[in-house]
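The next block holds one structure in the form of structure tokens; read it before the comments.
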Amino acid sequence: MGKYVIKGGRKLEGSLRCESAKNAVLPMMAAALLTEGEVIIRNCPAISDVADMAEIMRALGADVRFCGGDLVINSAGLNSYTVPERAARKIRTSVLMLGALLSRAGKAITVCPGGCDLGGRPLDFHISALTALGAEIDFAGDKIIACTSKRRGAEIRFPFPSVGATENALLYAVTAKGITRIHNAAREPEITDLCGMLNSMGACIGGAGSSDITVYGVKRLKGTVYTPVGDRIEAGTYLIAAAVTGGKLEISGIKSENILSLLGKLRDNTCKIEIKNDIIYLQSVNRGRAFSVRTGPFPDFPTDLQAIITPLACIAEGVSEIEETVFGDRFRHTVELVKMGADITVSERAARIKGVKALIGAKVCATDLRCGAALVLAGLAAEGKTTVQNSCYVERGYAGFEEKLRMLGADIVKKE
Ligand code: EPZ
């Protein structure tokens, strides 16, 4: 499973350009199944979630290969609609094969997806949206069997602006006959980007980035060359890494408006932040102020940065409050941070963090992707040596994580 070994106490300083967003690239890979034309996704991060999605697509008959830093996909040879179970169980985005294969082949067989364990991750919004659009979906154990003979537009209203369910509905609706209106759609930048890519393939989507998206179905989609949006969660991770070590960082490759909620919290923590032409400059102080965070759908503070900003609260002056409103069980990192001397009490969906002078290095264990990144950042700030088990979780979403941190001055190595 691999581990990181970190010697803390070094300030991170330097500059970094972030990769294309993992959570934009993955749905775009599914979208590439909608056409027989070649799709090129630029600056694709070399992360295991992309490799797992590529494995699924190859099993379906698509040709998927890295060419330089780009991902080149050609699914003219698609010859199956049955998603391989082992790969499907590894990643959450395997569920997007439902929308993509129903759209392309009228059939799809997969299993309930895997992905980070963040408390129940049901599929009811996905199923109700695809059913409204004309799909017939049955379950046999954890197998999902879907088919459609009438792909028609529909009115869809999500009870919660689910990112994945919005993506599944879009992948299906773009070739459904007629008009589809998606209400209470997710507004994340990665959704806007997926719509941009689909429109570059000949789809006709309006309202992307708002809660109300309208799709005018088209008969056929063509290939495209598309550069996804920069990864705001990766960028946020490195900004917080600089803040928690008292360092400074210049980060480029993302739109600053996609990360304003984090920048506001870092300013509350007394970091100095400047933005010039979408390059973000952060200068931190040795011990910042406590702050409060309430996660929520975009443009609120992203749930994916909740664990990652927690180490900054652990060493801040005062008491911080962090509330998680998106997932039901996303505080497992706090158990590990307490082993490093953090003073955290969790009740239901809120964590109260009393800042301590310093964290102490310890042996800790990552339980998911963002928990792992949070523990590495805590190790960078801590006194002494920290070992973070299960580095494989971090490799799902961060390309060259330890190399980039070393380049910024961290003392970190990865060991098998
Ligand atoms: C996407 O997951 C991201 N993953 C997650 O990032 C991110 O945390 C999440 O959106 C929220 O922003 C990818 O894009 C690959 P949701 P997704 O559907 O689509 C409930 C990371 O670390 N829900 O918006 O699974 C669900 O249980 C990952 O990069 C239902 O109840 O998230 C959750 O409480 C982790 N029924 C809430 O909605 C459904 O049918 C938000 O889930 C679907 C979701």
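Read-outs: derived from the displayed coordinates by stated rules, not from any lab. Fair warning: this is a prediction, and the values are worked out from it, not measured in the lab. Neighbour counts run over all protein chains shown; Cβ positions are idealised from the backbone, glycine included.
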> For Val244, what is the net charge nearby, where nearby means another residue's Cβ is under 12 Å from its Cβ and Lys, Arg count +1, Asp, Glu -1?
Replying inline: +3
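Counting DSSP beta bridges with both partners in the chain, what percentage is antiparallel, nearest 5? Before the final figure, lay out each step's value.
Working: 57 of 79 bridges.
Taking every DSSP beta bridge within the chain, about 70 percent pair in antiparallel fashion.
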> Long-range amide H contacts for Leu359: which residues qualify at under 5 Å (H placed 1.01 Å from N, peptide plane, sequence gap of 5 or more or a different chain)?
Replying inline: Glu383
> What is the dipole size for segment 241-382, taken about its Cα centre, with +1 at each Lys and Arg Cβ and -1 at each Asp and Glu Cβ, in debye to the nearest 20?
Replying inline: 400
> From the backbone phi of segment 383-388, what are the Karplus-calculated ³J(HN,Hα) couplings (6.51 cos²θ - 1.76 cosθ + 1.60, θ = phi - 60°) in whole Hz, Gly and Pro given as x?
Replying inline: 7, x, 9, 10, 10, 10
> Fully extended, how many nm does the chain gain between Asp278 and Asp300 (0.36 nm per residue separation, minus their Cα-Cα distance)?
Replying inline: 6.0 nm
>> Quick one: 3J(HN,Hα) in Hz for segment 210-215, Karplus 6.51/-1.76/1.60 with θ = phi - 60°, rounded, Gly and Pro as x.
In response: 9, 7, 10, 10, 10, 10
> Can you work out ³J(HN,Hα) from phi for every residue in segment 276-281, in order, using Karplus 6.51 cos²θ - 1.76 cosθ + 1.60 and θ = phi - 60°, giving whole Hz and x for Gly and Pro?
Replying inline: 10, 6, 6, 9, 9, 10
> For Ser75, what charge total do you get from the other residues with a beta carbon under 13 Å from its beta carbon, if Lys and Arg give +1 and Asp and Glu give -1?
Replying inline: +1
> Out of Pro189, Ala241, Cys271, whose Cα points farthest toward the positive end of the dipole of segment 166-279 (charges: +1 Lys, Arg; -1 Asp, Glu; placed on Cβ)?
Replying inline: Pro189
> Between Leu71, Thr110, Cys147, whose Cα lies farthest towards the positive end of the dipole of the chain when Lys and Arg beta carbons carry +1 and Asp and Glu beta carbons carry -1, centred on the Cα centre?
Replying inline: Leu71
> Counting Lys and Arg as +1 and Asp and Glu as -1, what is the net charge of the other residues whose Cβ lies under 11 Å from the Cβ of Ser391?
Replying inline: +1
>> So if I average 1/r over every pair of distinct C-alpha atoms in the chain and take the inverse, what Kirkwood radius in Å does that give?
In response: 21.7
>> Going Cα to Cα from Lys150, which lysines come in below 26 Å? Please leave out same-chain ones fewer than 8 positions away.
In response: Lys107, Lys177, Lys219, Lys222
>> Nothing charged except the Cβ atoms of Lys and Arg (+1) and of Asp and Glu (-1): what's the magnitude of the dipole of segment 133-177 about its Cα centre? Round to the nearest 20 debye.
In response: 240
>> Debye calculation, C-alpha points only, no solvent: report log10 I(q)/I(0) for segment 288-415 at q = 0.15, 0.17, 0.19, 0.22 Å⁻¹, in the same order as the q values.
In response: -0.66, -0.85, -1.06, -1.36
> Shape call for segment 66-186 from the C-alpha gyration tensor, a ≥ b ≥ c root eigenvalues: rounded (a/c under 1.5), prolate (a/b greater than b/c) or oblate?
Replying inline: rounded
> Considering only Val413, Gly206, Leu377, whose Cα is most displaced toward the positive end of the charge dipole of the chain, charges sitting on Cβ of Lys, Arg (+1) and Asp, Glu (-1)?
Replying inline: Val413
> Given Lys276/Lys363; Lys3/Lys404; Lys3/Lys265; Lys143/Lys339; Lys265/Lys339; Lys354/Lys414, which pairs have Cα atoms separated by over 28 Å?
Replying inline: Lys276/Lys363; Lys3/Lys265; Lys143/Lys339; Lys354/Lys414
>> Can you give me the distance in nm between label points at Asp343 and Glu317, each placed 7 Å from the Cα along the Cα-to-Cβ direction?
In response: 1.6
> Dipole of the chain, Cα-centred, from +1 at each Lys and Arg C-beta and -1 at each Asp and Glu C-beta, to the nearest 20 debye?
Replying inline: 200
